[in-house]
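In what follows, a single structure is set out as C-alpha cells and then discussed.
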Amino acid sequence: MAPSPPMQQMAPMTADAVVFLLTWSLAMAAMMLPSELPLFRLDYATVRSPARTAVLGAGYLAVWVVVGGALLLADRAADGRLLGPHRGVTVALVLLAAAAYQLTPVKLRCLNVCRAPLARMFHGWRDGFGGAFRMGVENGVWCLGCCAGLMVALLVLGMMSVGWMVAVALAIFLEKATRVGIAASRVAAIALALGAVAAWST
C-alpha cells in the first residue's frame, strides 16, 4: 500500500533535517573549536583528563547544534527562505546590521569574556563530567554572543560556502585567540559595512 501524502513528505523532510544538522555540526566544529583551544588546554592541564576535556568540547558544540536546529525550524516556518540564496538589499541590510552589532557593548562584553580563558576557568570551574558539560554550554553561550554578527553575515553570504566559512572562521580566531582581537573585531565591522555597500549596489 502506498504511503499517504503526509508520510511521503515527512521522510524526505526528516532526511534533509538530519543531513543539515550533521553538516552544520561538522562545520561549527571546524570553525569554532580552534578558537577554543586555549580553554581546552587549560582544562586538560588542570585535571589531565582527555575524557573530561572532550565532554567540555561536547557541551560547547551542543550550543551550536541547538542554534542549527533553531535555524532549521525557522527556515521551515519561512518556507525555505531563511537558508536559501539571498541577494541585493537583503544581503546589504543584514551585513549592515552585523557590522553594527560588532560595535555594540554586548559584542565587546562577550568578546572580552571569550578572550580570557583563564578567568573563565577560575570563576566558572565545575567538577566532574556533568560540570564539564555545563562549563562547555556556558562557554558556548558566551561564544554565541561574541560571534552572532559574523554568523548572521555568513547566513546571507552562503552558510555552506567553504570560502565564506574559512573567512568567518579566521575572523573568529583572530578576535578570540590572538593579541589583535579587539582591533580585528573593528576591522570585521568595517569589512561588513563595505560588503553591505557592495551588495546594495548590485
For M160, the lone unmet condition from (1) over 21 Å from A97 (Cβ atoms); (2) part of a helix (DSSP H, G or I) is (2)
In segment 46-64, residues that are part of a helix (DSSP H, G or I) and either open to solvent by 60 Å² or more (accessible area, probe 1.4 Å) or within 22 Å of A171 (Cβ to Cβ) (or both) total 8
Give segment 27-41 a look and list any residue that's within 14 Å of T178 (Cα to Cα), open to solvent by 30 Å² or more (accessible area, probe 1.4 Å) and within 15 Å of the chain's Cα centre (by Cα), or say none.
P34
Please note which helices (runs of 4 or more DSSP H) are completely contained in segment 82-152 and include at least 1 residues that are open to solvent by 60 Å² or more (accessible area, probe 1.4 Å) and within 27 Å of G195 (Cβ to Cβ).
88-101, 105-114
For segment 163-182, does any single residue satisfy the condition of being under 14 Å from the mean Cα position of the chain (by Cα), under 23 Å from A45 (Cα atoms) and not aliphatic (A, V, I, L, M)?
yes
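The values are calculated or read from the model by the stated rules, or taken from the named source; none is laboratory data. Values in this document were obtained by computation on a predicted structure and should not be read as measured data. We place every Cβ from the backbone using ideal geometry, glycine too, and count neighbours over all the protein chains shown. Side chains are part of the model used for accessible areas, which takes the heavy atoms of the whole protein and leaves out ligands, DNA and RNA. Shrake-Rupley method; radii C 1.70, N 1.55, O 1.52, S 1.80 Å.
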